[in-house]
Every structure is written in structure tokens, then in C-alpha cells.
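The values are calculated or read from the model by the stated rules, or taken from the named source; none is laboratory data. Please read these numbers as outputs of a predicted model, since none were measured by experiment. Heads up, the Cβs are rebuilt from the backbone with ideal geometry, glycines too, and the neighbour counts pull from every protein chain shown.
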Amino acid sequence: MWVSLDSSFGLERRSQLSFQTRQFVQRVSFEPRIMTALHWHGFDLAPSFGIHETAYDSSIGSTRVTGDNVQHFARDVSLDVSAPPLSRIFDAPKWMGRGKGARVKHVIEPRATYRYVTGIEDFNRVVRFDDTDILSNTHEVEFSLTNRLLAKDSNGNVSEVLSWQLWYKRYLDPTFGGAVVPGQRNLLESTVDLTGIPFLDGPRHQSPVVSVLRYQSNLNLEWRTDYDPLRGGIIDSGISVDRRVKQLFVSLGNYLLKSNPLLAAPGSNQLRGQITYGGDNRRGWNYGFSAFYDYRTDVLQFAQSQVTYNTDCCGFSVQYRRFSFGTRNENQFRVAFAVSNIGSVGTLRKQDRIF
């Protein structure tokens, strides 16, 4: 049995054209979770149960932000099932350059995840500050299929050369407990954890099909696309290349977006780049920088830089972020202090770090 706990207390503020919160909005969250793993005839099962307790001392009324409290007490049940993989071994083709006697193994890994969340009754009264505030009721099943090509050279070294992963979600509750508002963009945790491209403008039973093709060698390549079966076409496509030389990592990519203007910009053509030196846990100084530039609109839409210093027992990180997406034009500073084998405190969360 594994037990985890994620909790936070924050003083938040948001200002935009349609409304403005007061200087400090208190938000408290408490999220314990328990899970285990079972193995049965080649099947791997991982059931879990969690509680999401979140309280706000402000909320969105009919026309403005008020001082009325909002509290959520959500229950989260999930079951992850991995079926026995299918595999076959072949002689490696000459173009792979693995040497005489090298072998290749093709592996197919099917997987499904069931999730049920309930208890969030006032989703549209919550002021959105970050992804903590987009958890909604849901009843869904996620399917994934992964193809892997593993190569073993003449010295017995095994590495993954090629992989192709597909994800798809089936929503048994198309309104997400009433959280979906028809005719506008809806961002929920159930959609964001699948793809960063908005697609929910009303109730729907199915998500886009996400495809990620990766080739790994001295120079790594990745091609990602999202196909929306309701629109009958590809809504975004991106290709990136990256290389790591010891502690130095460099990545470049190009992303095309063809989205409904109701959900996002009518189209964008982004150039993305990232360069880092070191890593999140490496001792000493570590640096990172990334940026997104849309050359259709000639705008630097997003940039972030991070500096991390680690010792044997602890470390601290400072991150600066810059956003420029139409009406959203803001700067963010985030910090974190971590103690080895205990945890970290601060405003820079693990999922937001550049490393």
C-alpha cells in the first residue's frame, strides 16, 4: 500500500477585464491518496482512492466576484489496468547499424484507466488561478496503445529505438457534472491531462485521439498530432528534435494549430526552443531557459527561465515566467525550497519546473 499527501495554502489574486478579485484570496487544499498494485495472470491492476478537499473565501457570483465561501469535498476513484504485452523478436535490419547478430523486439502494450470523481457541485463559482481549480466531476475511461521497438546490439546492450503511443478518452458523463458551459471554451483537468489543445466547447462523449511518435538515437525526434473525430480532422501537429551532451540539453520544435476560433486562436505557427544545463537534482548550479514564438503574429507568447542550486541536503529554485497571449499579459515569479527525502515548500511546483 502506498499513501501520499499533497496540501497547500495560498494567497491568490487575479485581475482581468471582466472581473477582479480582492488583493488576497485564501485557498486551502488537502489531497490524501492511497493506492496499491495487484498482479493476476499477466495483468497489472493499480486501484487508488483519493480525497480532494479545497476551500476558497471568494467566489464568482452572477456578475462579479463576491466574498462568499466555496468548498469542495471530492472523492476520486481510479483503476489502471495493463494487459499482458504482445511481443516478437526479429533480426535487426542493416540500416539500424547495430552490428552482426543484433536483434529487434517489437512490443505492443494495451492499457486502460477508469476514473470516477464526484462531489464538486459549484465548479462554475470557483475563481480560476491555476490547474488546482479545474478539477471537476467526471466519469471516464482512457484507452492507450503503445508500440515499442527495442534493439539489442552484439554486446547485449538494449535500448528503445522507436515508439508510437495512442491515447483516447471516452466520457461517460458528457457534461462533467454540469461543469461544461455550451458555446464557450471549457478547460477541465480531464481534458488538460490528455492534450494541451482546448477542444471542449460543449458536452461530448469522446476526446481527440492523441498520437506521439518518437525516434531515439544520438539525435531524438518526436512527432505529435491530435485528431478530433467530431471535427473530422487534425487540430494540431508538432515536430521537435533534441540532443543531450552530458549536462547540456537542447530542443527545437515547430507546432501548427488549426483550432476552432471559439476555443483558441484561429491558427498559430509556433517555434519552440529550450536549453538547459544540469538537472533538478544535480549538485551545484543548474540553469534552464525556454521560449515559444509565434511568427504568424510576430509575438513572443511565452518565456521562462529557472536557476536551481542543490547541496547534499537541500536546494532552492527560482523561476521567472512571461506570458503574452492576447488579453493575458503578465509576469510570474516562483520559488521553492527542497529538503532531501522530505519534500519541498514554495510556489514552484514539480510539474511547472523546466528540468
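Looking only at residues in the range 11-41 that are without any contact (Cβ under 8 Å) to a residue 24 or more places away in the chain and assigned to a strand (DSSP E or B), which one is farthest from TYR116 (Cα to Cα)? Top of the filtered list is SER15.
Across the range 277-292, which residue is farthest from GLN247 (Cα to Cα) among those that are without any contact (Cβ under 8 Å) to a residue 60 or more places away in the chain and surrounded by 13 or more Cβ atoms within 10 Å (Cβ to Cβ)? Even if it seems obvious, please write down each step before you answer.
Initially, the range 277-292 is screened for residues without any contact (Cβ under 8 Å) to a residue 60 or more places away in the chain, giving 277, 281-285, 287, 291-292.
Narrowing the set further to residues that are surrounded by 13 or more Cβ atoms within 10 Å (Cβ to Cβ) leaves 277, 282, 287, 291-292.
On the way: TYR277: 5, ARG282: 9, TYR287: 10, ALA291: 20, PHE292: 23 Å.
Restricting to residues being without any contact (Cβ under 8 Å) to a residue 60 or more places away in the chain and surrounded by 13 or more Cβ atoms within 10 Å (Cβ to Cβ), the top hit is PHE292.
Okay, residues lined up against (1) in a loop (DSSP other than H, G, I, E, B); (2) out of contact with any helix residue (DSSP H, G or I) (no Cβ under 6 Å at 6 or more places or on another chain); (3) modelled with pLDDT under 90:
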site	(1), (2), (3)
ARG115	no, yes, no
ILE120	yes, yes, no
ASN124	no, yes, no
ASP133	no, yes, no
VAL141	no, yes, no
LEU145	no, yes, no
ARG148	no, yes, no
SER154	yes, yes, yes
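If the condition is being assigned to a strand (DSSP E or B), farther than 21 Å from GLN247 by Cβ and of a type in the set (A, V, I, L, M, F, W, C), then the range 293-333 contributes VAL299, LEU300, PHE302, ALA303, PHE323, PHE325, PHE333.
Looking for something farther than 28 Å from GLY288 by Cβ and in contact with an Asp or Glu (Cβ under 8 Å, 6 or more places away or on another chain) - is there at least one such residue anywhere in the range 210-227? No.
Would you say GLY177 is over 30 Å from PRO93 (Cβ atoms) and either not acidic (Asp, Glu) or not in a loop (DSSP other than H, G, I, E, B) (or both)? Even if it seems obvious, please write down each step before you answer.
Details: over 30 Å from PRO93 (Cβ atoms): yes; either not acidic (Asp, Glu) or not in a loop (DSSP other than H, G, I, E, B) (or both): yes.
Yes: the conditions hold for GLY177.
Of all residues in the range 284-299, those being of a type in the set (A, V, I, L, M, F, W, C), over 30 Å from ASP312 (Cα atoms) and either at pLDDT 95 or above or within 22 Å of the chain's Cα centre (by Cα) (or both) number 2. Pick from the range 310-339 the residues that are surrounded by 13 or more Cβ atoms within 10 Å (Cβ to Cβ) and of a type in the set (Gly, Ala, Ser): which of them is farthest from the chain's Cα centre (by Cα)? Looking at the filtered set, the residue picked out is GLY315.
May I ask you to verify whether ARG243 is under 25 Å from ALA291 (Cβ atoms), basic (Lys, Arg) and buried (at least 17 other Cβ atoms within 10 Å of the Cβ)?
Working: under 25 Å from ALA291 (Cβ atoms): yes; basic (Lys, Arg): yes; buried (at least 17 other Cβ atoms within 10 Å of the Cβ): no.
So ARG243 does not fit the description; no.
Set side by side, the residues ASP44, ASP68 differ, and just one is in a loop (DSSP other than H, G, I, E, B), among the charged types (D, E, K, R), touching a Ser or Thr at 6+ places or on another chain (Cβ under 7 Å) and surrounded by 12 or more Cβ atoms within 10 Å (Cβ to Cβ), which is ASP68. Could you list, in sequence order, the residues of the range 11-34 that are closer than 21 Å to ALA336 by Cβ and within 22 Å of the chain's Cα centre (by Cα)? SER29, PHE30, GLU31 - these are the residues of the range 11-34 that are closer than 21 Å to ALA336 by Cβ and within 22 Å of the chain's Cα centre (by Cα).
Return the total of residues in the range 215-230 being small (Gly, Ala, Ser) and not in a loop (DSSP other than H, G, I, E, B). Before you say what the answer is, go through the steps one by one.
From the range 215-230, those small (Gly, Ala, Ser) are 217; that's our starting set.
Still in the running and not in a loop (DSSP other than H, G, I, E, B): none.
Qualifying residue count for the region: 0.
Taking residues in the range 169-181 that are closer than 29 Å to LEU145 by Cβ, and partners anywhere that are outside any loop (DSSP other than H, G, I, E, B) and among the hydrophobic types (A, V, I, L, M, F, W, C), the pairs with Cβ atoms closer than 8 Å and at least 6 places apart or on different chains are LYS169/VAL141; LYS169/PHE143; ARG170/VAL141; ARG170/PHE143; LEU172/VAL141; PHE176/PHE123; GLY177/PHE123; ALA179/PHE123.
Look at the range 187-205 and say how many of its residues are outside any loop (DSSP other than H, G, I, E, B) and either surrounded by 16 or more Cβ atoms within 10 Å (Cβ to Cβ) or modelled with pLDDT of 95 or more (or both). So that I can check it myself, show each step before the final result.
Step one: filter the range 187-205 for residues outside any loop (DSSP other than H, G, I, E, B), giving 189-192.
Checking which are either surrounded by 16 or more Cβ atoms within 10 Å (Cβ to Cβ) or modelled with pLDDT of 95 or more (or both) leaves us with 189-191.
Here the count works out to 3.
Checking ARG328, ARG296 one by one, the residue that is out of contact with any strand residue (DSSP E or B) (no Cβ under 7 Å at 6 or more places or on another chain) and farther than 23 Å from LEU248 by Cα is ARG328 and no other.
Count of the range 302-354 residues, restricted to those that are in contact with a Phe, Trp or Tyr (Cβ under 9 Å, 6 or more places away or on another chain) and more than 17 Å from ASP6 (Cα to Cα), is 29. Here ARG128 meets the list (1) under 20 Å from the mean Cα position of the chain (by Cα); (2) closer than 24 Å to HIS72 by Cα; (3) not in a loop (DSSP other than H, G, I, E, B); (4) not acidic (Asp, Glu) almost entirely, failing just condition (3).
In the range 258-266, is there at least one residue being in a strand (DSSP E or B) and touching a Lys or Arg at 6+ places or on another chain (Cβ under 6 Å)? Walk me through how you get there before you give the answer.
From the range 258-266, those in a strand (DSSP E or B) are none; that's our starting set.
Taking every residue of the range 258-266 in turn, none turns out to be in a strand (DSSP E or B) and touching a Lys or Arg at 6+ places or on another chain (Cβ under 6 Å).
For the range 221-266, a residue qualifies if it is of a type in the set (A, V, I, L, M) and touching a residue at least 40 places away in the same chain (Cβ under 8 Å), and the qualifying residues are LEU257, LEU262, LEU263, ALA264, ALA265.
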